[in-house]
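Report on one structure; see the data block that follows.
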Amino acid sequence: MPQIPSPQITHICCIGAGYVGGPTSAIISQNCPSIKVTVVDTDAKRISAWNSPAALPIYEPGLEAIIRNQLNINLFFSTDIDKAIAESQLIFIAVNTPPLEIIDTDCSGRRRGAGADLSAVMECAQRIARVSTSSKIIVEKSTVPCGTSHEVGDILQKYARSGVQFQVLSNPEFLSEGTAVRDLQHPDRVIIGSALQTASEAQEHLKYIYKHWVPADRIITMSQWSAELTKLASNALLAQRVSSINSLSALCESLGADIKEVARGCGADSRIGGDFLRASLGFGGSCFHKDLSSLVWLCDSLRLTPVADYWHQVLLMNEFQTSRFAQRILSTINVRGARIACLGFAFKEGTGDARNTPATRVCRELLTAGARLSVYDPKVPADHILSMLTEEAVESTAANSARVDVGYNCVSVCSRALEAIEGAQAVVVLTAWPEFRCINWEQALQTMPALAHIFDGQAMLDHEYLQKLGFQVVSMGK
Ligand code: UDX
Ligand code: ADP
């Protein structure tokens, strides 16, 4: 058995200061005052932002206060990766693992879905092995395909200095953006996976950290393969619920039913439950797409084609939903030359993250059809919105040459919702930010031309009230 630092962990580090690494480390430091937590990253700008609590690189409710309390007490952010590795007994790897290019299926059933780009994870493993002069526990936190911990273990072993040994654990993160602090502080469960033959000692060390604040019966240990699959499966199951309710929303629109009523009726059955049954213009974010693609890819590579088909359909339904919403706008009003107010851009409320946001697709379709957009999101930085909409919109329109002047002139980013709405022909709700319910809609209507439309992609506004005011309302699932 490798030598594991004992009796307890005093120094840990987290490689990767992103949406997972930052909040996770903050919560550990808050709950484990005797442990020094160092978060390291190659991105010096990001590290400097973490060191300035007023300008954190990510928006996450409640996080700023924790950082303020712990910063430079037992929580440190640094670019000195080698030093942090050297002094730590346990190292979390929480770097990004973007999906590789999607490989579409063909009629002979070839692979679709996508593996993940694990180059950053493998780079970290090599670095840890090269730098470490003492044995360490390495904890895989990044969202990774099944089998990654095993590969990380192989690399660590290959490059390890003589006498230095590593134990690899898989400890997938289930935090949800926008509620990360609550999810981390009160997790439903903590999963710790490890290679069966070397399970106990390293798992105990990681458990020791979590037991500072997580009840022991919520810490579940299992094999590495099971832990990695649990992460993919959890996200796939959640995404499947969203796609299921979204598929029914299409049916509601044709039947004259209301998806909110159907979801409420179904969710009242305790066996079904009400969570993740909110119809929307589609799911986004860094995990659902990636994990589903990864699952499909895995199933295909194991020749489990019907299983791959099953999960692939969840992704296809999501694409259908987003494009259906955009088409509904385009078939209701003529957007050419019109200004459209887009409320929300983040992939969900409570975050400034716009990775894989369905808003991009809807906005691009509107731009391609000749609309001008005024976009407001309370947390996504303006330059981010512009870069996501303008460059690629130029590329996509250059290809079909329908419109060549898409660019910064066609997209303006506003700092208030009413500013975006003023003078717009229609309002499109793209993210379910609660503040949109509190907009002074009466005032908003007065600034809009006659026959003002609201397209509620999140089915979140009070439609009856808006109709009474005089808006033409088109909502998802109604
Ligand atoms: C998800 C998982 O919930 C989390 O456990 C995992 O660690 C990371 O992936 P996240 O992507 O942050 O978290 O957000 P989540 O709340 O799951 O929402 C994902 C997407 O689904 C969002 O675009 C959201 O708007 C959408 N969604 C969610 C719906 O459209 N309807 C719902 O009922 C719930
Ligand atoms: P996640 O949502 O999984 O946390 P992010 O993209 O928000 O992903 O954060 C991942 C972080 O990992 C980024 O800040 C990136 O700079 C960092 N990173 C990527 N590769 C490396 C590496 N080899 N060494 C250190 N940090 C890295």
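The values are calculated or read from the model by the stated rules, or taken from the named source; none is laboratory data. A quick note: this is a predicted structure, and the numbers were derived from the prediction, not measured. Glycine also receives a Cβ, built like all others from the backbone with ideal geometry; neighbour counts cover every protein chain displayed. We work out accessible area using only protein heavy atoms, side chains counted, and drop any ligands, DNA or RNA first. Shrake-Rupley method; radii C 1.70, N 1.55, O 1.52, S 1.80 Å.
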Among the residues of region 171-192, the number that are farther than 20 Å from Trp433 by Cβ and more than 15 Å from ligand 2 (Cβ to nearest atom) is 8
The residue that is nearest to ligand 2 (Cβ to nearest atom), considering only those in region 212-254 that are in contact (Cβ under 8 Å) with a residue 60 or more places away in the chain and charged (D, E, K, R), is Lys231
Expected output for region 51-67 (first residue closer than 15 Å to Val20 by Cβ, partner acidic (Asp, Glu) and open to solvent by 40 Å² or more (accessible area, probe 1.4 Å), Cβ below 7 Å, 6+ apart or cross-chain) is Leu56/Glu64
| message | Among the residues that make up region 418-428, is at least one of them at pLDDT 95 or above, within 30 Å of Phe276 (Cβ to Cβ) and part of a loop (DSSP other than H, G, I, E, B)? | response | no
Taking region 429-471 and keeping residues part of a loop (DSSP other than H, G, I, E, B) and open to solvent by 80 Å² or more (accessible area, probe 1.4 Å) leaves Ala450, Leu451, Asp462
Checked Ser34, Ser52, Ser29 against criteria (surrounded by 24 or more Cβ atoms within 10 Å (Cβ to Cβ), assigned by TED's automatic domain parsing to the domain that holds Arg68, over 12 Å from Ser78 (Cβ atoms) and away from ligand 2 (no atom under 15 Å from the Cβ)); the one match is Ser29
Residue hits (region 112-134; outside any helix (DSSP H, G or I), surrounded by 17 or more Cβ atoms within 10 Å (Cβ to Cβ) and more than 16 Å from ligand 1 (Cβ to nearest atom)) are Arg112, Gly113, Ala114, Gly115, Leu118, Ser132
Here, helices (runs of 4 or more DSSP H) confined to region 211-323 with at least 1 residues that are farther than 20 Å from Pro145 by Cα and open to solvent by 30 Å² or more (accessible area, probe 1.4 Å) are 224-255, 259-267
Considering region 151-169, residues that are open to solvent by less than 30 Å² (accessible area, probe 1.4 Å) and of a type outside the set (A, V, I, L, M), and then whichever is farthest from Ile137 (Cα to Cα), we arrive at Gly153
